[in-house]
Amino acid sequence: MFYRYLVIVALIFLYGNLDVNCQMHEPDEIMPEFYAPLENWTVTQGRDIYFTCTVNNLGKYKVAWIKSDSKAILAIHTNLIAHNHRLTVTHNGHNTWKLHVFNVQKNDTGSYMCQINTQPMILQTGYLDVRIPPNILDEADIEGPGSAAMEGGTIRLRCRSTGKPEPKVHWKRKDNRHIVIRSDGAREKQESATVKGDTLELSNVHRTDMGKYLCIAKNNVPPTVSKEFNVQIHFHPMIKVTNQLVAAPTGSNVHIQCYVETSPKAMHSWAKIDGGDLMPNTKYKMSETPINEYSLQMDLTITSLEPKDFGGYLCIAKNALGKAEGSIRLQELHLPSAPTTSEAPPPEPEEEGDGESGGADEENLVPVEGEPTADGDDQSLDDQQRQQEQQRHPSESTKKPPQTAHGGESGNGGSGGGGVRHHDNKQRHGSGKGSGSECPARWLLVLAAVVVVTLFRSPVVSRW
């Protein structure tokens, strides 16, 4: 009996040994292998990407997609496991599987594995880096005293931003003017086109600091973003009048103006001193022209000036902090009357006509010997000749030597008188030649006639 059990045990051991030897001599199984590594992606948020996993000799094994950081199984073969509508899996029917991620978001960043369930399992990994453009938070998240202050106060602006990589922030003015940073009680100041940092602090603010400021955030991921901050500086109204005295004539139109600086905005009006407020109408035309954030120009045009329009005018600005006035005096301008231009009457040719007619009469006279001639008439004619000659040639008449009259007195009666008159007539005749362009030829004939008449006259006593 004992031998029987011993034979059974020996047979069992022999059968088992034969079975192991048969298994060891079976041909080796071909294991799966990856054809190419998985991609790495760096994309901007919102883009679409896919990972490609190519496996040779997959056999009876399966391909699975797993998110490494969360260990979550996304898909097995072509079956999607994760409840994410932005994920899909595709297979080309041969050896290529793809995991598609649409509209990638920040939480999609991380490692993705393509894994095969062999023993031990094999896998490969690809990385998705999602870049996020900069974003500036709403104004509700701004900390600090705000964007408005009284002149001389402090304004602190904060611009917080998000993005990947972390954005860098700087400040600038929208109108490209420099930002003024004051310190040490406004004694020192620095001006710069840009200021770095997410906080901008303006101390001892001045009205010139008023305006729009831009917070700009960028991280090399387009697009760069900016946010606008409106800085308000409040102060008492102020009025400047460049021309306080204006003059204009009655009936004309006159234009007067004032420059106003105020913040917050003010109510503007015009008034006549001791006359009440002015309302815009056909008589008074009013307009306002903005200059910058806190100043403007007030204009008033008064049409068809009347006497009652002359006097004092006020430009008025009033806001919550106070009131300011500027005065302008309008006075009447008296223009000189235009001179009446009347043409001078042409010179009457009476003297020349008389002289010529006299000369003609004397030319027609026939001297008769022994006929008496009035000395007064002769003297009068000679005096008229001399006066006319002096008026025409005053310089020559003043240069006549006084010896002429003296020589006439020392001469013999008639011959002396005749010689004096003949000499004078020769001088006048000579001066006439010198100014031939002034004396006409007929005048020379008159002078010659006078000389002839004088020679034939009876002797007279010279009055020289």
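The values are calculated or read from the model by the stated rules, or taken from the named source; none is laboratory data. These figures come from a predicted structure and were not determined experimentally. Areas reflect the complete protein model, heavy atoms only, side chains present, ligands, DNA and RNA absent. Shrake-Rupley method; radii C 1.70, N 1.55, O 1.52, S 1.80 Å.
Using a 1.4 Å probe, how large is the accessible area of residue 183, given in Å² and rounded to the nearest 10? Counting only protein heavy atoms, the figure is 60 Å². Only protein heavy atoms count here; under a 1.4 Å probe, residue 173 has an accessible surface of about 10 Å².
When nucleic acids and ligands are ignored and a 1.4 Å probe is applied, residue 76 ends up with an accessible area of around 70 Å².
Using θ = phi - 60° in the Karplus curve 6.51 cos²θ - 1.76 cosθ + 1.60, the 3J(HN,Hα) couplings for the stretch 300-317 round to 10, 10, 9, 9, 6, 4, 10, x, 6, 7, 6, x, x, 10, 10, 9, 10, 10 Hz; x is entered for Gly and Pro.
Ordered from largest to smallest accessible area (heavy atoms of protein chains, 1.4 Å probe), the residues 194, 44 come out as 194, 44. In terms of accessible area, using a 1.4 Å probe and ignoring ligands and nucleic acids, 188, 151 rank largest first as 188, 151.
Residue order by solvent-accessible surface for 303, 162 is 162, 303, largest first, with ligands and nucleic acids left out and a 1.4 Å probe.
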